[in-house]
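Encoded as structure tokens, the structure appears first; notes follow it.
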Amino acid sequence: MKTRIKRTLSILAAMTLASCAQDTGGGQNQPGGVWPPDGNVIQSSRPIQFNISRDSVKSSGKRHTFSIFADSNGAKTIASGSMADSGSAGGVSWSPGSDFIIEPNTQYWWQWQDGAGNKSRIYTFFASAWQGGKPISPRNGGFMDRNMRAAPTLGVSNVYTGPGLNPTYDFQIFDKPSATAPIAEKMGEPQAVGDNHTRYKLPVTLSDGGTYYWRVRVNAPGVDNSWSRLSSFTVTDVCQIDGPGYAAWAIDWVPKKCANVITHQDMNDALGLPNASAEYTGFISMDYGGELFLELGMTITDAPGPEIHVFEFVSTEFLEVFVGPTEAGPWTPLGAAFCHRVCEFDLAQGGVTYARYIRIRDLDAQGYICHDTSGCDIDAVLWGSGYRSPMMCGSRWW
């Protein structure tokens, strides 16, 4: 348990929505325009505002009641409130406030009732993974292990992994930055089950030393279906990459429960040398069950003793460490530990000869009250007694 005083932050005022998507549901008291539309994915990283369009308001000048449910039949209310319509200028808008924490990868249901007692049908929406849908592997400007060039993989951060929705992803890879003719592509790749990321194995062999360009797009209701930015990477011997002996790139952070109230959300605070301070700066709070994905500046190789040192701040907390051949895995566990200030992990524990990508998972109980430093608090990741040896990257270990 953390010793710091816990506090719950209010959700910020919701962003204004330019328009309401049209609802196709029937019924005498169904709105012509509501937000969020039935079945849509909403951004869990942003406050939510419920809107009813002007032509849907049946009782002008009266208060409308909104309810959010944890089940499809409306038996379990999570949050509720009321708001008067805004008159001739528009419809009715309501923000639930601090009594509703939007948990990522969760399905919700909602309903409204007008001033005359008429109820809408129950709508559903899905809260996305925290900033999901990003192209992450290989990262833009990053590398691909030459041992993977005959079975190269691309990885995207899953947009939603909860019940009731099955997103798919489109991948394209090019050998020129003009991105006019893909050397391979896949449309409608199903999302990986039970994982934070979806990886697609390309049916091509890449050239050692070659530079390639790739992109991805998400197929899910309410999610932008345009292609992502074009990311580049170079196929290389990762043991030959020179760099600092600490985590130098933050790849992804996947909170599970308390993202709306955590104040230490910057992944980059886990990079570099240990610098967390008594003023509570220089670290990221991972959330209960949250995961953090990092890339080391220098590839580490197996040596006597532990090679990986994880610096944890605030209090003693339980975490697990994995290593993998890409930013999105597949992942090999190195063990778990109660981490107070620093804990160590050995590549040999997982039968690993070298590693560049680190995954840290918080193992605290999910039942804690959300507060501003929920979960493990990662200050830095360093390699210790490891050393560079190109010979150890000569063959794959995964």
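Coordinate-derived values only; no laboratory data. This structure is a prediction, so every number in the text was calculated from the model and none was measured. Don't worry about glycine lacking a Cβ; one is built from the backbone with ideal geometry, like all the others, and counts go over all protein chains shown.
Using the 2.2 N^0.38 Å rule of thumb for compact globular proteins, work out how segment 135-236 stacks up: its C-alpha Rg over that value, please.
Here the Cα radius of gyration is 1.05 times the empirical estimate.
Would you please give the residues with an amide H less than 5 Å from that of Glu307, counting only those at least 5 places away or on a separate chain, with H modeled from the backbone geometry?
The list, which skips near neighbours in sequence, is Phe345, Asp346, Leu347.
Using a simple spin-label model with points 7 Å from Cα along the Cα→Cβ vector, what separation in nm is obtained for Gln349 and Asp71?
4.2
Computed over the Cα atoms of segment 34-127, what is the convex hull's projected area averaged over all directions, in nm²?
Working: hull surface 22.5 nm².
So the mean shadow area of the Cα hull is 5.6 nm².
Among the aspartates and glutamates, which fall within straight-line cross-link reach of Lys176, defined as a Cα-Cα distance under 15 Å, with same-chain neighbours fewer than 8 residues apart omitted?
The reachable aspartates and glutamates, counting only those whose Cα sits under 15 Å from Lys176, are Glu185.
With unit charges on the beta carbons (Lys and Arg positive, Asp and Glu negative) and the dipole taken about the Cα centre of segment 247-393, which residue among Tyr357, Ile262, Leu382 sits farthest to the positive side?
So the residue furthest toward the plus end is Tyr357.
Less than 15 Å Cβ to Cβ from Pro177, Lys/Arg counted +1 and Asp/Glu -1: what total charge do the surrounding residues give?
Residues near Pro177 contribute +2 overall.
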